[in-house]
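Engineer: What follows is a single structure, and I will ask about it in a moment.
The values are calculated or read from the model by the stated rules, or taken from the named source; none is laboratory data. Just so it is clear, the model here is predicted, and its values are computed rather than measured. Cβ coordinates were reconstructed from backbone atoms using ideal geometry, including for glycine residues, and neighbour counts include every protein chain displayed. Side chains are part of the model used for accessible areas, which takes the heavy atoms of the whole protein and leaves out ligands, DNA and RNA. Shrake-Rupley method; radii C 1.70, N 1.55, O 1.52, S 1.80 Å.
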Amino acid sequence: MIEMSNVSKHYGQFQVLTDCSTTVSKGEVIVVCGPSGSGKSTLIKCVNGLEPFQSGKITVDGVSVGAPETDLPKLRARVGMVFQNFELFPHMSITENLTIGQIKVLKRSAEEATEIGLKLLDRVGLKAQAGKFPGQLSGGQQQRVAIARALSMNPICMLFDEPTSALDPEMVNEVLDVMVELAHEGMTMMCVTHEMGFARKVADRVIFMDQGRIVEDATKADFFGTPRSERAQQFLSKILSH
Amino acid sequence: MFSTLDLSVIAPSLPFLWTGLQYSLKLTLVAMTGGIILGTFLALCRLSSSRVLAGAATAYVDLMRSIPLVMVILWFFLLIPLMTGNPVGAETSAMLTFTAFEAAYYSEIMRAGIQSVSRGQVAAGDALGLTYRQTMSYIVLPQAFRNMIPVLLTQTIILFQDTSLVYIIGAKDLLKAAEIAGKNYNRPIEMYIFVALCYFVLCISLSLVVKQLQKRVAIVR
Ligand SMILES: Nc1ncnc2c1ncn2[C@@H]1O[C@H](COP(=O)(O)OP(=O)(O)OP(=O)(O)O)[C@@H](O)[C@H]1O
Ligand SMILES: [Mg+2]
């Protein structure tokens, strides 16, 4: 589904990503972790072309992301993305947030889009909030709406960039529950997160990044059992001791 | 001196002054609407990645902002007939001038407004598959506009005051009407005091509205 080979990116002299390669097959759930500034967000944003990269190749469902002839909006419409800060559109109601992409990009009728949107809203447990505005919801609720918004486009895979790290602790689980459910339904997912409980529950593989490199790309069992690199071991012990 | 003021000349002049005020208001509304639209377009050009577009827009804005408005009004009045081949009249000329001139100021406001919308919002629009145009028109510009409403209105108050400058090309605005009425009744002082009062009341009311709006915008954010 997602294939990444030797992706490198730099800002001027500063190397953000170095030779990153990995594959995400259909239905797989990959967790990406690593210290702050290691390039996790950058890596995941390269997948749907939100961040350009200078060398290497990324294909999503056979479409090359970096190629000049690629219709990026069309590709992005098929890849769901959830951000750390939710990024709901504050000037639109929850329903409008859920329908704008469907109407403007997928050209669904307003009725059809609303029906699909409300169904997804129900699925994330927020049916009653349809008429409200993002500012009136809690962080956890906003993030669940953001997931529903991404799902409204019928994505072939989903990208998550630290979806719970801006949340108050008591709201983390309501969002993780939705993500776990998605994983169980077979959604292909690439999640930047430090929620190791989530990784243990649903991840197929864990990628550990450090200084722009993929240092570890292992199955869940291997990663939690015997991480090879010292950096990953340190990182794990730090995170798990919390 | 006030003992010599004859305020009785004001009442009979009101209908005439009202036609002048109507023109002033119309000029303000046209220049505001046109200026915001053109200004938004200029702001988008300035923020675009195309050097040519950004350069041209910057040059236009800088040019307009460094010439006194009176001169722009005069030049447009002289140049438009030369370019189009037929005279357009002072009233129409003033509308074109003010739209073109105010666009430069509104564009700076809209540019700040666009930049006040976080990059994350743009990324969210992009990630949904919206095109640049769609992200701008449905996500960024509505928020930019909303954030900037108080500032845009403040600029409009200045614009309304500035419209009085059109009397130099003979367009019949509120000030010109007062001048004419003052001459007719031979009572210029009374007329000028009265229109000053009109400008004052209108501007002060509008700025009270702006203050209220500012409070509301502050709450929404
Ligand atoms: N526009 C930019 N210009 C220069 N450097 C940048 C830019 N954006 C990001 N970087 C740098 O690239 C590196 C990787 O950033 P990235 O956001 O991908 O890290 P991250 O692993 O997601 O970190 P975090 O856990 O803090 O989110 C960081 O060192 C950051 O300072
Ligand atoms: Mg990050």
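Engineer: What fraction of the Cα pairs in region A:158-242, stated in percent, has a spacing above 14 angstrom?
Structural biologist: Here the tail beyond 14 Å accounts for 66 percent of pairs.
Engineer: List the residues, sorted by chain then number, that are 5 or more residues from A:V215 or on another chain and whose placed amide H is less than 5 Å from its amide H.
Structural biologist: Those lying under 5 Å, H to H, from A:V215 are A:F208, A:M209, A:D210.
Engineer: For n ≥ 4 DSSP H runs only, could you compute -39500 (n - 2.57) per run for chain B, divide by its residues and tell me the 222 nm figure to the nearest 500?
Structural biologist: One gets -27000 deg cm²/dmol as the mean residue ellipticity at 222 nm.
Engineer: Still on this structure, please answer the following. Give me, ordered by chain and number, the residues 5 or more places off A:G56 or on other chains with an amide H under 5 Å from its own placed amide H.
Structural biologist: The list, which skips near neighbours in sequence, is A:S8.
Engineer: Take the Cα radius of gyration of chain A and divide it by 2.2 N^0.38 Å, with N its residue count; two decimals is plenty.
Structural biologist: Here the answer is 1.01, to two decimals.
Engineer: Still on this model: Determine the dipole magnitude for chain A: charges of +1 sit on the beta-carbon of Lys and Arg, -1 on that of Asp and Glu, nothing else is charged, the reference point is the Cα centre, and the result goes in debye to the nearest 20.
Structural biologist: With only Lys, Arg, Asp and Glu charged at Cβ, the dipole is about 220 debye.
Engineer: Assuming R0 = 22 Å, what is the FRET efficiency of B:S116 and B:I67, from their Cβ-Cβ distance, to the nearest 0.05?
Structural biologist: 0.20
Engineer: Report the Cα centroid-to-centroid distance between region B:49-91 and region A:82-125 in angstrom, as an integer.
Structural biologist: 44
Engineer: Which value, in debye to the nearest 20, gives the size of the charge dipole of the protein assembly as shown about its Cα centre, when Lys and Arg are +1 and Asp and Glu are -1 at the Cβ?
Structural biologist: Dipole magnitude for the protein assembly as shown comes out near 480 debye.
Engineer: For chain A, which span is the longest to avoid every loop-located (per DSSP) member of GluC sites (Glu not before Pro) having at most 12 other Cβ atoms inside 10 Å?
Structural biologist: A:70-184
Engineer: Going by amide H atoms built from the backbone, whose H comes under 5 Å of the H on A:V82, apart from near neighbours?
Structural biologist: Residues meeting the amide H criterion: A:L159, A:F160, A:D161.
Engineer: Let me ask another. Ignoring ligands, DNA and RNA, what accessible area per residue does region A:27-149 give at 1.4 Å, in Å²?
Structural biologist: 39
Engineer: Summing -39500 (n - 2.57) over the DSSP H runs of n ≥ 4 in chain A and dividing by its residue number, what mean residue ellipticity at 222 nm do you reach, to the nearest 500 deg cm²/dmol?
Structural biologist: -11000 deg cm²/dmol
Engineer: Filter the cross-link list A:K26/A:K238; A:K26/A:K201; A:K26/A:K104; A:K45/A:K74; A:K119/A:K220; A:K40/A:K238 down to pairs whose alpha-carbon distance in this structure exceeds 23 Å.
Structural biologist: Distance filter (> 23 Å) returns A:K26/A:K238; A:K26/A:K104; A:K119/A:K220.
Engineer: Computed from the mean reciprocal separation of all distinct C-alpha pairs, what Kirkwood hydrodynamic radius does the protein assembly as shown have, in Å?
Structural biologist: 26.1
Engineer: Could you give the size of the charge dipole of chain B about its Cα centre, using +1 on the Cβ of each K and R and -1 on the Cβ of each D and E, expressed in debye and rounded to the nearest 20?
Structural biologist: Taking the Cα centre of chain B as origin, the dipole is about 680 debye.
Engineer: Express the carbon and sulfur contribution to the solvent-accessible surface of the protein assembly as shown as a percent, rounded to the nearest whole number, probe 1.4 angstrom.
Structural biologist: Here carbon and sulfur together make up 59 percent of the probe-accessible area.
Engineer: Mind checking how much accessible area A and B bury in total, 1.4 Å probe, in Å² rounded to 100?
Structural biologist: 1600
Engineer: Here is a further query. With all protein chains present, calculate the accessible area of B:Y138 using a 1.4 Å probe and round the result to the nearest 10 Å².
Structural biologist: Approximately 80 Å² of B:Y138 is accessible to the 1.4 Å probe.
Engineer: At 1.4 Å probe size, with no ligands or nucleic acids counted, give the accessible surface of B:K183 in Å², nearest ten.
Structural biologist: 140
Engineer: Give the Rg (one decimal place) followed by the Dmax (whole number) of chain B, computed from C-alpha coordinates and expressed in Å.
Structural biologist: Computed over the Cα atoms of chain B, radius of gyration and Dmax are 20.8, 73 Å.
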